[in-house]
Amino acid sequence: MPDFSVNVDIVKNNAEKASRAKRTLNTQCYEMSRIRYRLFGISMIPIRLQLLKKTVDVRQESRRMAALSTALQKAAKTYESAENRILQYGGARDNPAFQGRQGKYGGDQGSPSQNREQMEEIVRRYHPKWSKERINKHLEKLESEGCGYVALVNTIYLIYAGREEEFEKTFGFPMYDEKGNLNYNALITDFYTAKDDPFKGGLNARDQEKLWESYCREHGITVDVKDVNVNAQNYQEIAKNGQIIVGVSPVNLYKRRADGSYYQVDDRDGGHAMTVTGVTEDGRLIVSSWGETYHLDSDLSGYSRCEFQQVIYK
């Protein structure tokens, strides 16, 4: 079955055009009826009959326009509702970034620096005079501070699932690389290079909100990044409205064994941003970090900082 999308604004505009046509036709019916009632005498009977026939025809056309307007309005509403459920319901559940394609689970801020030649072209879009050495330092800086950029980039693939051609038109490079993996590196590098402040390290929540909304707006995408209060109990309900990212400090990350038990793999000071992708039955949030699956401690109060933001595409 081929992919398709609907421009809802055009459908709504056509519905309004049909509604205006209905009103115009109703006015014409009124005018023809008014003229017909002013024609007297036997000689006017043929004209009165013709006007009556035209009035009936125009009234039928008016009804068709009314039905068309109603149908288009209903179609637009139905499509918007269905698309919102597809794009938002269940948070990251249907995002191809987290379907484990070839072992990847979201983007990895260290990967762009491992593909420097491929990323050089993207960096030069913004800095055409930069030397290779300067670009290498730029990508190494991304690796050290790019977690917030990656967490946001992970969310965009949900709205382009099945719309690969539109993705390429929007960003200027394919959604999937030559190996069939999502083209995380290109998008991470593009976002980071377009919005990085060389005099500032990393992103806080306000930076993330401002920079992602700005970057998306420049590419014709409307998104709202807002603060939310999330825990294991309310995650499923809140995630119906959009994907969630989290910033924590210190960095306490866990892996899950086959028997369901957990072991800690990261315990360090500092901060880290990740994309939240789900919740386990025993109350741990599932997150994407460095292209892998991790879990947060079920007791979120154990973090000195634990801030959630929701990314809502419109």
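The values are calculated or read from the model by the stated rules, or taken from the named source; none is laboratory data. Predicted model, so just to flag it, every value in this text is computed and none were measured. Neighbour counts are summed over all protein chains in view; Cβ atoms, including those assigned to glycine, are modelled from backbone coordinates with ideal geometry.
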Considering segment 198-215 alone, what residues qualify as being at pLDDT below 90 and touching a Ser or Thr at 6+ places or on another chain (Cβ under 9 Å)? Gly201, Gly202
Could you identify the single residue in Glu237, Glu213 that is within 19 Å of Tyr149 (Cβ to Cβ) and of a type in the set (Asp, Glu)? Glu213
Looking at Arg305, Arg284, which is the one that is among the charged types (D, E, K, R), over 15 Å from Ala232 (Cα atoms) and surrounded by fewer than 21 Cβ atoms within 10 Å (Cβ to Cβ)? Arg305
Can you pull out the strands (runs of 3 or more DSSP E) entirely within segment 234-307 that have at least 3 residues that are more than 16 Å from Phe98 (Cα to Cα) and not β-branched (Val, Ile, Thr)? 251-256, 262-268
Conditions (1) surrounded by fewer than 15 Cβ atoms within 10 Å (Cβ to Cβ); (2) under 48 Å from the mean Cα position of the chain (by Cα) -> Ala66 fails only (1)
Can you confirm whether Glu133 is without any contact (Cβ under 8 Å) to a residue 40 or more places away in the chain, not hydroxyl-bearing (Ser, Thr, Tyr) and not in a loop (DSSP other than H, G, I, E, B)? yes
Quick check on my filter: what residues within segment 21-44 are touching a helix residue (DSSP H, G or I) at 6+ places or on another chain (Cβ under 8 Å) and among the polar types (S, T, N, Q)? Asn26, Gln28, Ser33
So the check is Cβ under 6 Å with 6+ separation or different chains; which pairs have a first residue in segment 249-263 that's touching a residue at least 40 places away in the same chain (Cβ under 8 Å) and a second one that's assigned to a loop (DSSP other than H, G, I, E, B)? Ser249/Gly271; Ser249/Ser304; Pro250/Asp269; Asn252/Asp297
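Here is a yes/no grid of residues against (1) within 46 Å of the chain's Cα centre (by Cα); (2) more than 30 Å from Tyr313 (Cβ to Cβ); (3) surrounded by fewer than 13 Cβ atoms within 10 Å (Cβ to Cβ):
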position: Thr27; (1), (2), (3): yes, yes, yes
position: Arg38; (1), (2), (3): no, yes, yes
position: Glu61; (1), (2), (3): yes, yes, no
position: Thr70; (1), (2), (3): yes, no, no
position: Ala75; (1), (2), (3): yes, no, no
Of the residues Thr293, Thr277, Thr222, which is modelled with pLDDT of 90 or more, closer than 23 Å to Tyr149 by Cα and exposed (fewer than 12 other Cβ atoms within 10 Å of the Cβ)? Thr222
Quickly run through segment 156-212 and pick out the residues that are in a loop (DSSP other than H, G, I, E, B), surrounded by 17 or more Cβ atoms within 10 Å (Cβ to Cβ) and free of Cβ contacts under 8 Å to residues at least 40 places away in the same chain. Met175, Asn183
Going through segment 94-152 one residue at a time, which ones are surrounded by 13 or more Cβ atoms within 10 Å (Cβ to Cβ), under 25 Å from the mean Cα position of the chain (by Cα) and of a type in the set (S, T, N, Q)? Asn95, Gln99, Gln109, Ser111
Asn234 fails exactly one of the following numbered conditions: (1) out of contact with any Phe, Trp or Tyr (no Cβ under 8 Å at 6 or more places or on another chain); (2) under 22 Å from Ile156 (Cβ atoms). What is the number of that condition? (2)
Can you report the number of residues in segment 22-38 which are farther than 19 Å from Ala66 by Cβ and touching a residue at least 12 places away in the same chain (Cβ under 8 Å)? 2
